[in-house]
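Presented below is the structure to which this report refers.
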């Protein structure tokens, strides 16, 4: 559902948001390189080894990224406004952050439905995000490839997905499913008919394990061949396997320390206080206040498995309490945020609905190997259904056009 009332982000607020999320993305890229490499942050005790051992997204596949290549060129950051002009990061998305094409679609539908808005020169065009995505994917190509062939791999049942198809069209990539891919002589190929074409950059928009365990065009499971081609520099996979270790909710609790460790800086944007339920004392506090807190699976994304204490029935709280007692290591808890509300038209009247916002950061390697981060001035505002604070589309939420003002 599209709400007709746009969200407006003043230029000074966007400047603070973009600086904060760019800093965060650079630090998390260094974190991924480190945990799949020398492990300095583990030896320093900033992130305990057992925290990574418990992270479902920490997998050997992450070691297949060649030295110097990026693990997470395309990052998504979910933010909430907790007071006028104040923003905090709710969670990071370093696996398959979608929404850029949807942000463009929301602008297009608003322009069609309300032509009196006209072309607003003071507001950024969200298409810049898709242009930057295309540039980022091309920049991720293996060395020596000047005009990379890009393929967007999706699950078979996602062939009609709006965001995926529109993103693929915008970046000039072919939509493929795993059964169309094959690896030969250290290269990835797309098989179609009796022919095949090379794939230089594979933009992954499906579950990592589902991709790696799928049979390719030749009937061979893709895992070994694809990971080997990655490691040898025959194909760039964006985003790389193993990134779930960095957007794990228990790791989120340590991001301020991660930023300080790698960058020697204080966070430029805040985040939500988080209780790690693998810690007995923190779990006890969570159990005592379960009806007041939000509880999330450490590896969840897309809003799955979340319970919002004030919205839960006694039975739902009892079920979650039992899960926490038996498998506390699988969860974190956070204080319920006083999410901002925006006027939302429900077809009859304006209502107050809770909202959050997904922004994006693109990474590329500089000439000297440094990590360059840029947040395109585009964001996707998501609207919660009436009576809830869960904004994800899978929970019935909608969207708003987001107007980010130029400086």
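The values are calculated or read from the model by the stated rules, or taken from the named source; none is laboratory data. Keep in mind it's a predicted model, so treat the numbers as computed, not measured. Note: ideal-geometry Cβ built from the backbone for every residue, glycine included; neighbour counts use all protein chains shown.
For this structure, a couple of remarks:
- The residues on offer are 309, 399, and the sole one that is touching a helix residue (DSSP H, G or I) at 6+ places or on another chain (Cβ under 9 Å), surrounded by 16 or more Cβ atoms within 10 Å (Cβ to Cβ) and under 25 Å from residue 279 (Cβ atoms) is 309.
Okay, residues lined up against (1) exposed (fewer than 15 other Cβ atoms within 10 Å of the Cβ); (2) assigned to a helix (DSSP H, G or I); (3) touching a strand residue (DSSP E or B) at 6+ places or on another chain (Cβ under 6 Å):
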position: 267; (1), (2), (3): no, no, no
position: 283; (1), (2), (3): no, yes, no
position: 286; (1), (2), (3): no, yes, yes
position: 296; (1), (2), (3): no, no, yes
position: 315; (1), (2), (3): yes, yes, no
position: 322; (1), (2), (3): yes, yes, no
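- Among the residues of region 145-167, those identified as assigned to a loop (DSSP other than H, G, I, E, B) and in contact (Cβ under 8 Å) with a residue 24 or more places away in the chain are 145, 148, 149, 154, 155.
- Against the test of being over 18 Å from the mean Cα position of the chain (by Cα), loosely packed, with under 14 Cβ neighbours inside 10 Å and farther than 21 Å from residue 46 by Cβ, the options 223, 326 yield a single qualifying residue, 326.
- Inter-residue pairs, beta-carbon under 7 Å, first under 18 Å from residue 86 (Cα atoms) and in region 318-340, second in a helix (DSSP H, G or I), 6+ apart: 336/292; 336/309; 336/310
- In region 75-121, the qualifying residues are those that are in a strand (DSSP E or B) and in contact with a helix residue (DSSP H, G or I) (Cβ under 6 Å, 6 or more places away or on another chain), and the one that is surrounded by the fewest Cβ atoms within 10 Å (Cβ to Cβ) is 87.
- One residue stands out among those in region 337-353 that are buried (at least 16 other Cβ atoms within 10 Å of the Cβ) and modelled with pLDDT under 90: the one that is nearest to residue 9 (Cα to Cα), which is 340.
- Within region 229-238, considering residues that are assigned to a loop (DSSP other than H, G, I, E, B) and touching a strand residue (DSSP E or B) at 6+ places or on another chain (Cβ under 6 Å), the one farthest from residue 56 (Cα to Cα): 234
- Residue in region 335-353 that is in contact with a strand residue (DSSP E or B) (Cβ under 8 Å, 6 or more places away or on another chain) and under 30 Å from residue 33 (Cβ atoms) present: no
- Filtering 2, 70 for residues that are in contact with a helix residue (DSSP H, G or I) (Cβ under 7 Å, 6 or more places away or on another chain) and closer than 16 Å to residue 245 by Cβ leaves a single hit, 70.
- Qualifying residue in region 127-144 (condition: part of a loop (DSSP other than H, G, I, E, B), surrounded by fewer than 16 Cβ atoms within 10 Å (Cβ to Cβ) and out of contact with any helix residue (DSSP H, G or I) (no Cβ under 6 Å at 6 or more places or on another chain)): yes
- Region 178-213: number of residues that are touching a residue at least 24 places away in the same chain (Cβ under 8 Å), farther than 24 Å from residue 139 by Cβ and in contact with a strand residue (DSSP E or B) (Cβ under 7 Å, 6 or more places away or on another chain): 5
- Scanning region 239-265 for residues that are over 19 Å from residue 58 (Cβ atoms) and either in contact with a helix residue (DSSP H, G or I) (Cβ under 6 Å, 6 or more places away or on another chain) or in a loop (DSSP other than H, G, I, E, B) (or both) yields 259, 263, 264, 265.
- Any hit, region 355-376, residues being surrounded by fewer than 18 Cβ atoms within 10 Å (Cβ to Cβ) and closer than 20 Å to residue 4 by Cα: no
Yes or no, residue by residue, for (1) under 22 Å from residue 93 (Cα atoms); (2) surrounded by fewer than 17 Cβ atoms within 10 Å (Cβ to Cβ); (3) at pLDDT 95 or above:
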{"residue": "151", "(1), (2), (3)": "yes, no, yes"}
{"residue": "156", "(1), (2), (3)": "no, yes, no"}
{"residue": "167", "(1), (2), (3)": "yes, no, no"}
{"residue": "183", "(1), (2), (3)": "no, no, yes"}
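- Residue in region 204-216 that is surrounded by 16 or more Cβ atoms within 10 Å (Cβ to Cβ), in a loop (DSSP other than H, G, I, E, B), at pLDDT 95 or above and more than 17 Å from the chain's Cα centre (by Cα) present: yes
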